[in-house]
Each structure stands twice: as C-alpha cells, then as structure tokens.
1. May I ask you to list the residues in region 105-116 that are in contact with a Cys (Cβ under 7 Å, 6 or more places away or on another chain), of a type in the set (A, V, I, L, M, F, W, C) and touching a residue at least 60 places away in the same chain (Cβ under 8 Å)?
2. Return yes or no: is Asp293 of a type in the set (Asp, Glu), assigned by TED's automatic domain parsing to the domain that holds Val256 and at pLDDT below 80?
3. Out of Leu102, Leu135, Leu98, which single residue is under 13 Å from Ile221 (Cα atoms), in the same structural domain as Gln301 (by TED's automatic domain parsing), in contact with a helix residue (DSSP H, G or I) (Cβ under 8 Å, 6 or more places away or on another chain) and in contact (Cβ under 8 Å) with a residue 60 or more places away in the chain?
4. Does region 79-86 contain at least one residue that is touching a residue at least 12 places away in the same chain (Cβ under 8 Å) and either on the phi < 0 side of the Ramachandran plot or among the polar types (S, T, N, Q) (or both)?
5. Within region 367-381, identify whether any single residue is loosely packed, with under 12 Cβ neighbours inside 10 Å, modelled with pLDDT of 75 or more and part of a loop (DSSP other than H, G, I, E, B), and answer yes or no.
6. Looking at region 342-366, which of its residues are outside any helix (DSSP H, G or I) and under 35 Å from the mean Cα position of the chain (by Cα)?
7. Working carefully through the options Ser272, Ser277, Ser299, find the one that is small (Gly, Ala, Ser) and modelled with pLDDT under 70.
8. Condition (residue is touching a Phe, Trp or Tyr at 6+ places or on another chain (Cβ under 9 Å), assigned to a helix (DSSP H, G or I) and modelled with pLDDT under 80) applied to region 311-320: is it met by at least one residue?
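The values are calculated or read from the model by the stated rules, or taken from the named source; none is laboratory data. Remember, it's a predicted structure, so these values are computed and weren't measured experimentally. Cβ coordinates were reconstructed from backbone atoms using ideal geometry, including for glycine residues, and neighbour counts include every protein chain displayed.
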Amino acid sequence: MSFFNHGILEHYSFKADYNTLNFIRSIWLTLDGFQHTSANIISGHTERDTHNSLSLLLPSIYTCLASNISAVAIQNPNPQIRYFLLLGSFVYFMKGNLPGRLKFISVLYAAELYNDCEWWIDQLDEEYIKYNPSLCKCRYILIDQKLAITDIIKTSPLEVSNCVSFLPTEILIAPDAIKYEIFRYVGIFQNEQEKKDKFGRWQYRAVVDSNIYFFLLKYLIKRKLERVQAREDAKHNIRILAEGLNVRHRDVAFNVLAWIFHSDFDTYTALSYATESWRAMLSAGISHAMSEDTLKMKSKQYQYNAAKIHALVIIYKTWFARIPSDVYFCFQCFCKSDIKLKKCSRCKVSTYCDKQCQRKNWKIHKKTCKMARKHHILFSTSVLPFTFNERIS
C-alpha cells in the first residue's frame, strides 16, 4: 500500500499535473507492465512470490484506473462512448475488492441511479465491513508506525480492507461529504519544495476508511429513496465506528458526521463533530523516527483537516444565508434545545436562553452582529446583478 500510494498514485498524478487522460495512460502502462514483465525482473524472487505480491497490489490499481475512467466517461456527451467506458470500468471495479465495489456504487450515485445503488449496496456484507478495520499507512503517526511493524506482517488480507481514496481527477464521482476532504489543504502555506515532497503531495486527495465510506453511501442512498429507518441506522453506525478502534482516519469519520448532521439541519451537532475532528488529529501523535526536515513537515499534518471548511460552510449558512436549524442552542452557554430560543433583535441569527446569557455574550457577539447585518443588507438588495451561486462559480 505504501508503494501504491507513493510510488504510483502520487508519482503519476504529480507527473500528469492532474491531467486525467495522462494519468490514466500512466496507470494503464503500469498495469500492463506488471502483467507482462517476468518475475525475476520485477523482484528477483520466484514467479509465485511475485504473483502473490501483485495479487495484493493489482486490486488497488484496477480500482484507481476504473474510477478515473468513470470520471471521464460520466461527463462525455456521446452516450455510446459513455456507456462503453462505464462498462469497461465496471469490469475493473469488480476486480478491486471492497473499495472497487464502493467506488462503483459512487459512480451509480453520481449518475443518479439510486435504485441500482440500493441493490448493489444491499449485496455487500454489512457485518463483515463494519468490524474489519482498514489497512492504512497514510500518515506519519505513532499508531500507524506500530501497525506497520507489528500487525501487517501477521494480518491476512481477508481480515482488513484498504482505505478508499479520491484524487482531484475523480471529483465528479465523489459524494459531497468527500469533496471537502479533497480540498483539506486549503489555508495552509506550502513552498514549492514542500508541495513536491511525498508528504505534501499526499494532502491533495481524500482518504476515508472503507467501513465509514460504506455507511456514508448507505446513508446517502437511503435518504434519496426516503428509507428513514435505514438512513438513521447508517448514521448511527458511523457514530459508533468513529469512536472505535476499527477506523484509521477518525478525523475524516467525524467530518463525515459533521456533514451529515449539517445536511439534516442540526447545526449544533455538526459543529460538535467538526470540533471532535480537530481533537482526533491533535491527539494522534506524530512519529519521531524521521529526519529533522521531514519531522518539521509532518508537524503540519494536523492542519490538513477538512473540519475548517465544514466550520466555514456551517457558519456561512447560519449567519449569512440564514438557513434555520432543527436544533437550537444558546450562543453563550451552548445549552441545546428542541424549541426555538429568543434571537438577537439586530442580526436575527444568534439565539440565547434568556437576557442574562445575551448580555454576557454581547462583547463577543458585537462585531459579528454588525457584520451579519451589513452582509444581509448587501445581499438582500438588487445592487448585485448575480446570485451568490453565480459568484462562487
């Protein structure tokens, strides 16, 4: 997995400068080379040894190739070309083990084929997926160092699943919650050398545990098809897994929960999970078995967290777009309430238990209140000849 992540994915995506067609060509040539080069040239070991090693590597290559081809196909206006490419991708997805099947369902979801999504996801063994941890060496933290040394050499491939990753070239088939992870580098300064470093290149993609991603897909599909109980069950399973030991990317799991609860109009819980995501990163611990320069770069890793983007979107929608929440909380004491609380009469956004909480919060709230009022006046007038969405595009 280390070779696939750094020797293949990072190298070719950096070399192609995220040009999808060039990247697909490089992956295709690598796959062809593995299948036709003699065992002795590849590894110096026996043909059986090489075959066993490649059997672990090939599913990841198949999945990556199929996923990028699908991202190209899904936007092709010619239906014959689109269907031909998607059919070819399907064959490779089925060779990609669990991550391949999950990404195939992602393509169906992007194509809005929700009934097909439901059929495919219901064929997967939920109990197996739930309790099998993801095998990962994605970050330079103490727990992953221990996994690499102690656990991997005695672990059967049937006892673990690979993480699911999305490159920027695959953004068209990535669910919205995962798109946040692709841009988790936003707001962090990197010089040119740091961007070329393998740790820096790693940050330009989304990575999520297979079990978390499975239940995210299940939540999205069941929500689209209005299967209320199944949707809530999927959400509950993500919450349980995020707190357990079978998840390598706990920060991503908490960010997925933040997105889910925000989409369910529960702003309070969404912000709580975004906070938990930061805590998960800060408590992970960084391995010191590396050079001083590398350690300096790795010490930035906790900043590569999509929680900051979730928080900004939540704050914007709450303060400026004024999208109401189903769960209310006091901006001073953070007490949660199922009934509407009294709002600030000026900005009509912040809510409080009573006047005492409002008075205590005024020093903090004063500047934000003024900003919110000005923003609301600006966007509610006809001065701007475009909508906010047009501005973003």
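1. The answer is Ile105, and nothing else.
2. Taking the combined requirement at face value, the residue satisfies it.
3. Leu102
4. Yes, the conditions are met somewhere in region 79-86.
5. no
6. Scanning region 342-366 gives Lys343, Cys347, Lys348, Val349, Ser350, Thr351, Tyr352.
7. The unique qualifying residue is Ser299.
8. Among the residues of region 311-320, not one is touching a Phe, Trp or Tyr at 6+ places or on another chain (Cβ under 9 Å), assigned to a helix (DSSP H, G or I) and modelled with pLDDT under 80, which makes the answer no.
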